[in-house]
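Step one of this worksheet: look at the structure below.
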Amino acid sequence: MTLSTEKSTISPLTTDSIPQEAFDWYDEYAHGDIDRRTFLSRLGTLSVTGLTLSVVAGALTPNYALAEQVSFNDPDIVASYVEYDSPNGHGRARGYLVIPKNVNADNKTAAILVAHENRGLNPYIEDVARRLAKAGFIAFAPDALFPLGGYPGNDDEGRAMQKTMDGNKIEGDFMDAASLLKNHSFSTGKVGMVGFCYGGYLTNTLAAIMPDTIHAGAPYYGTPAKSQIDNIKAPLQLHFAELDKRVNDTWPDYEKTLKANKVDYTAYVYPKTNHGFHNDSTARYDEKNAELAWDRTVKFFKQTLKS
């Protein structure tokens, strides 16, 4: 039996409702290994009683109405979009800056750079920045797609846009964002970084190429930096999804290097989770493990970024 194309009134799906193959295929699609036609064609071969193709495909793709945990007009934070010079990147860049309302030049706090996935600054990542501000940090989330007009409002187009860009210049934009946070008038100069998927890779990368600027890194399901790994000095808290074979296969060699260089790190593998389990806008979201990982991340930053 294959998936039906009829309309369905079934409630939003959970991780347990969808065969693992569907998550694996979505991961291939999201990272450019297969196109959308192939992804949907494969979904159509699944035997899932009572579920339609559109329901399963819709559950796997983001619904950002589900992702807001902290309102953009929360009274405890001040959020704005800020442009900044990026000589190491595209020359000019833009990001989402969120500051706790009680933080100022006389009451400084640590800052966290937030790195998005391979599709630009979407609402989920903006909400992550607001969560960090609610926890007491300055948070800044750059949009790699700014040189092309910014995040376009949907992930498929954003993914296609980011794929055309120079990765070195994207890294440069995030490097200059880290420097901006280090020197911000409300910042203590202590800078942490958290990133998801491609942003996890960026977190590992900036820890390697900016060892005197990044003071703590929390990559979520991110691959290692491609060079200068031996330069990492910052403590790392790494988060992995048990079912994420693509990323997990890169971890053993990375761990050997971290151990050899005596880097202070902790790695967590969350059972029965998929790549993207922290993203609460899709069926990949695992609430229990996402909350556990986030609680660990906030505590990690509070401990490592003390003045």
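The values are calculated or read from the model by the stated rules, or taken from the named source; none is laboratory data. What you see is a predicted model, and the numbers here were worked out from it, not measured in a lab. Here the Cβ is made from the backbone with ideal geometry for all residues, glycine too, and neighbour counts use every protein chain on show. Each accessible area value is taken on the protein alone, full model and side chains, heavy atoms only, with ligands, DNA and RNA left out. Shrake-Rupley method; radii C 1.70, N 1.55, O 1.52, S 1.80 Å.
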- Could you provide, to the nearest whole Å², the per residue accessible area of region 63-217 with probe 1.4 Å? 36
- Bin width 10 Å, alpha-carbon pairs only: give the P(r) of the chain as whole percents, running from 0 to the bin holding the largest distance. 6, 28, 35, 22, 8, 1, 0
- With Cα coordinates, the longest principal axis of the chain makes an angle with the long axis of helix 251-260, in degrees rounded to 10, of 20
- Summing -39500 (n - 2.57) over the DSSP H runs of n ≥ 4 in the chain and dividing by its residue number, what mean residue ellipticity at 222 nm do you reach, to the nearest 500 deg cm²/dmol? -10500 deg cm²/dmol
- Message: Can you give me the long-range amide H partners of Arg92? Hydrogens built in the peptide plane at 1.01 Å from N, cutoff under 5 Å, separation of 5 or more residues or another chain.
- Response: Ser86
- Task: Would you mind giving the average projected area, over all directions, of the Cα convex hull of region 172-218 in nm² with one decimal?
- Result: 3.0
- Relative contact order (%) - criterion: Cα under 8 Å, at least six apart; region: region 73-229: 25
- For helix 287-304, what angle does its Cα long axis make with the longest principal axis of the chain, in degrees from 0 to 90 and rounded to 10? 10
- Task: Take the chain, connect every pair of alpha-carbon atoms lying under 10 Å apart with a spring to form a Gaussian network, then pick out the residue of Pro219, Pro152, Pro271 with the largest mean-square fluctuation.
- Result: Pro271
- Query: Within the chain, what's the longest stretch lacking trypsin sites (Lys or Arg not before Pro) that sit in DSSP loops with no more than 10 other Cβ atoms inside 10 Å?
  - Reply: 8-261
- Hits among lysines - C-alpha to C-alpha of Lys233 under 29 Å, sequence gap 8 or more where chains match: Lys108, Lys134, Lys169, Lys182, Lys190, Lys245, Lys256, Lys259, Lys262, Lys299, Lys302, Lys306
- Query: With a sphere of radius 13 Å drawn around the Cβ of Thr297, what net charge do the other residues whose Cβ falls strictly inside it have (Lys, Arg +1; Asp, Glu -1)?
  - Reply: +2
- Positive minus negative residues near Asp173 (Lys, Arg vs Asp, Glu; Cβ under 13 Å): -3
- Message: Stokes-Einstein diffusion coefficient for region 80-125 at 20 °C in a medium of 1.002 mPa s, Rh from the Kirkwood formula over Cα pairs: what value in µm²/s?
- Response: 168
- Message: Can you give me the % of accessible surface on region 235-307 that is carbon or sulfur? Probe 1.4 Å, all protein chains present, nothing else counted.
- Response: 50
- Task: Could you calculate, for region 128-274, the ratio of the Cα radius of gyration to the Kirkwood radius, expressed as Rg to Rh?
- Result: 0.96
- Message: Binning at 5 angstrom from zero up to the longest distance, how are the C-alpha pair distances of region 259-306 distributed in percent?
- Response: 5, 18, 23, 19, 16, 13, 5, 1
- Find the eigenvalues of the gyration tensor of the Cα atoms of region 96-145, then list the square roots of 5 times those eigenvalues as equivalent ellipsoid semi-axes, largest first, in whole angstrom. 22, 9, 7
- Message: Please compute the contact order of region 192-251 in relative form: average sequence separation of alpha-carbon pairs under 8 Å and at least six residues apart, divided by the residue count, as a percent.
- Response: 34
- Note on the structure: Counting Lys and Arg as +1 and Asp and Glu as -1 over every other residue whose Cβ sits under 15 Å from the Cβ of Arg92, the net charge comes to -4
- Task: Let me have the relative contact order for region 101-166, percent, based on Cα pairs under 8 Å that are six or more residues apart.
- Result: 37
